[in-house]
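Enquirer: Below you will find the structure I want to go over with you.
The values are calculated or read from the model by the stated rules, or taken from the named source; none is laboratory data. Owing to the predicted nature of the structure, the values given are computational and were not obtained by experimental measurement. Cβ placement follows ideal geometry from the backbone for every residue including glycine, while neighbour counts extend to all protein chains displayed.
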Amino acid sequence: MEERKWPDWIRERDDPRTAHTKPEALDDMTVLDLSYKSFAGCCCSSLLAEFGAEVLRIEPPEGDFIRTCTPYGMLYQGEGLNYLTEGRNKFHLTLDLEKPEGREILKGLVSQADVLIETYRPGVMDDWGIGYQQLKAINPRLIFASITAYGQFGAMSRSRMPDYDNIAQARSGIQYDSGEIMPEGKSYDEYPWAVPTKAGPWAGWAVPGTFTALGILAALHWRGITGEGQALDVATAEAYTRFDDYAALWYQMTGNINERFGSLDVGAWLYCFAPTKDGAVFLGGLRLEMWQAFADMMGKWDEWGAASWTNIAPFMAKDEQLKWSPLVFEETRKYTNEELVNMSLEYAKTGRLAPITPVVAPVCSPEETMKDANWLDRGIFTPVQDPLYGELIVAQAQHKMTETPIRTKWVCRPVGYDNEHFYLKYLGIGPARLKELREKGII
């Protein structure tokens with residue numbers, strides 16, 4: 001039999017449209033997600049739920065504040081748009097953990113769970129009698145994952161400051177050097193936009209949520225070897241700081257503090273966003289010959305003296321980048337995004353330094369990304385047919401796997417939607433008892 005070409009073979013086995021026909025890697029895992037006012041916890045449990053874990057999202061009876069976060073206060077069938085993204089594949093229960101009876105009910109669930117995720121301030125769960133040490137006595141195999149602003153120990157671990165995404169960004173050291181440069185001798189009155197700039201999405205929460213999910217999987221692997229559970233301690237700013245690139249080492253070795261430099265980067269040249277006729281592009285020419293290829297592609301080989309360049313390092317100096325970037329931008333403004341992309345591709349075939357070419361990528365709006373033929377073909381924006389909320393587009397299928405692919409089975413559930421089923425399944429609590437608990441404000 002003739003062996004099939006790789007693109008055809010992998011497309012057939014990776015196509016997310018067939019994911020529902022395949023097994024789920026974590027379908028034997030039960031997760032209790034107690035995260036509250038934390039997109040990090042929601043993101044963490046979403047990742048596990050996409051792989052098939054049975055995630056019981058436990059909210060207070062009035063629901064979690066995170067459901068209300070949404071652009072311009074827009075609600076869709078009572079839900080904020082952010083939560084319609086991160087409620088995916090989860091079963092939703094309510095339980096008042098501030099009440100002793102609620103905590104006793106939680107212990108019954110913990111006895112049958114694999115993982116618990118919580119985002120309360122350090123000490124709160126212990127004071128309630130449901131901290132790791134107390135719950136470990138009930139279930140020694142429990143993976144207890146805590147996501148907090150400053151960690152379970154440390155000088156600020158008991159701080160009353162809440163755990164917000166922008167606090168994580170602010171304290172990480174990364175946002176300090178993100179944003180437009182303040183020209184020398186100028187002030188905020190003249191350049192009000194030259195301030196530290198937050199990452200657009202909730203990266204300060206998504207990153208620790210992702211690290212926590214990874215830590216949970218490692219802890220489950222260890223439990224499979226030893227039979228022992230363990231506690232995970234993730235501080236949001238600490239996790240986000242993991243992506244500081246070279247800043248810490250640069251300071252350690254030289255005393256230099258990485259400062260804001262707009263879209264430029266003192267660690268690389270040519271490496272920036274550049275304006276065009278109809279938007280902006282990313283330019284990447286990390287090696288000397290790629291920077292030379294860019295100069296040649298723009299018709300500046302002789303004028304800029306590209307043939308005489310022998311080392312990329314001098315161009316990385318701050319003053320050099322501030323000198324060269326306006327010259328680069330003057331050229332890119334002459335073309336559209338598409339023209340620059342095509343010029344780069346053509347240069348790779350016929351240019352003086354071919355196949356070397358500068359990297360050019362258009363800066364796409366959300367609309368352009370959602371209509372991009374490549375992403376549509378790979379299924380990330382395939383609408384989800386939710387039985388309650390209808391047809392919705394949420395980014396999905398970011399993992400393509402041949403045997404146990406992720407999938408989005410539904411996007412969300414109303415507050416307490418699954419109380420009846422799961423309280424009966426795990427604790428044998430029937431309708432009469434549920435009614436009593438509801439009247440007492442326990443669920």
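Enquirer: Are any of the residues in the range 402-411 out of contact with any Cys (no Cβ under 9 Å at 6 or more places or on another chain), part of a helix (DSSP H, G or I) and closer than 30 Å to residue 9 by Cβ?
Expert: no
Enquirer: Please find, within the range 404-425, the residue that is surrounded by the most Cβ atoms within 10 Å (Cβ to Cβ) out of those that are farther than 16 Å from residue 53 by Cα and in contact with a helix residue (DSSP H, G or I) (Cβ under 8 Å, 6 or more places away or on another chain).
Expert: By that ranking, first place goes to 423.
Enquirer: So the check is Cβ under 9 Å with 6+ separation or different chains; which pairs have a first residue in the range 187-216 that's outside the structural domain of residue 167 (by TED's automatic domain parsing) and a second one that's outside any loop (DSSP other than H, G, I, E, B) and buried (at least 17 other Cβ atoms within 10 Å of the Cβ)?
Expert: none
Enquirer: Suppose the filter is within 18 Å of residue 121 (Cβ to Cβ) and among the polar types (S, T, N, Q); does residue 38 pass it?
Expert: Taking the combined requirement at face value, the residue satisfies it.
Enquirer: May I pose another question? Within the range 363-389, track down each residue that is surrounded by fewer than 16 Cβ atoms within 10 Å (Cβ to Cβ) and of a type in the set (A, V, I, L, M).
Expert: 363, 370, 373, 376, 388
Enquirer: Looking at the range 146-174 only, could you name the residues that are aromatic (Phe, Trp, Tyr) and under 16 Å from residue 41 (Cα atoms)? Outline the logic, then answer.
Expert: Keep residues of the range 146-174 that are aromatic (Phe, Trp, Tyr), which gives 150, 153, 164.
Across the range 146-174, the qualifying residues are 150, 164.
Enquirer: Of the residues 144, 153, which is touching a Phe, Trp or Tyr at 6+ places or on another chain (Cβ under 6 Å) and either in a loop (DSSP other than H, G, I, E, B) or of a type in the set (Phe, Trp, Tyr) (or both)?
Expert: Just one listed residue meets the conditions, 144.
Enquirer: Give me the residue from the range 101-135 that is of a type in the set (Lys, Arg) and closer than 21 Å to residue 55 by Cβ and, out of that set, surrounded by the most Cβ atoms within 10 Å (Cβ to Cβ).
Expert: 103
Results for (1) in contact with a Ser or Thr (Cβ under 6 Å, 6 or more places away or on another chain); (2) among the polar types (S, T, N, Q), shown as yes or no for each residue.
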position: 241; (1), (2): yes, yes
position: 244; (1), (2): no, no
position: 273; (1), (2): yes, no
position: 290; (1), (2): no, no
position: 299; (1), (2): no, no
position: 303; (1), (2): no, no
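Enquirer: I'd like to verify a number: residues in the range 339-353 that are touching a helix residue (DSSP H, G or I) at 6+ places or on another chain (Cβ under 6 Å) and assigned to a helix (DSSP H, G or I), how many?
Expert: Going through the range 339-353 one residue at a time, the tally reaches 2.
Enquirer: Further, regarding this structure: Inspect all residues belonging to the range 135-150 and state whether any of them is free of Cβ contacts under 8 Å to residues at least 12 places away in the same chain and either of a type in the set (Gly, Ala, Ser) or in contact with a Ser or Thr (Cβ under 7 Å, 6 or more places away or on another chain) (or both).
Expert: yes
Enquirer: Name the residue, out of 341, 360, that is surrounded by 13 or more Cβ atoms within 10 Å (Cβ to Cβ), under 12 Å from residue 274 (Cβ atoms), under 34 Å from the mean Cα position of the chain (by Cα) and of a type in the set (Val, Ile, Thr).
Expert: Residue meeting the stated conditions: 360.
Enquirer: Any residue at all in the range 369-385 that is touching a Leu at 6+ places or on another chain (Cβ under 9 Å), aromatic (Phe, Trp, Tyr) and either assigned by TED's automatic domain parsing to the domain that holds residue 78 or in contact (Cβ under 8 Å) with a residue 12 or more places away in the chain (or both)?
Expert: Of the range 369-385, the ones touching a Leu at 6+ places or on another chain (Cβ under 9 Å) are 370, 382-385.
Restricting the remaining residues to those that are aromatic (Phe, Trp, Tyr) gives none.
Scanning the range 369-385 turns up no residue that is touching a Leu at 6+ places or on another chain (Cβ under 9 Å), aromatic (Phe, Trp, Tyr) and either assigned by TED's automatic domain parsing to the domain that holds residue 78 or in contact (Cβ under 8 Å) with a residue 12 or more places away in the chain (or both).
Per-residue answers, yes or no, for (1) surrounded by fewer than 22 Cβ atoms within 10 Å (Cβ to Cβ); (2) under 15 Å from residue 209 (Cα atoms); (3) under 21 Å from the mean Cα position of the chain (by Cα):
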| position | (1), (2), (3) |
| --- | --- |
| 50 | no, yes, yes |
| 72 | yes, no, no |
| 76 | yes, no, no |
| 81 | yes, no, yes |
| 89 | no, no, yes |
| 92 | no, no, no |
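Enquirer: Name the one entry in 76, 72 that is without any contact (Cβ under 8 Å) to a residue 12 or more places away in the chain and of a type in the set (Phe, Trp, Tyr).
Expert: 72
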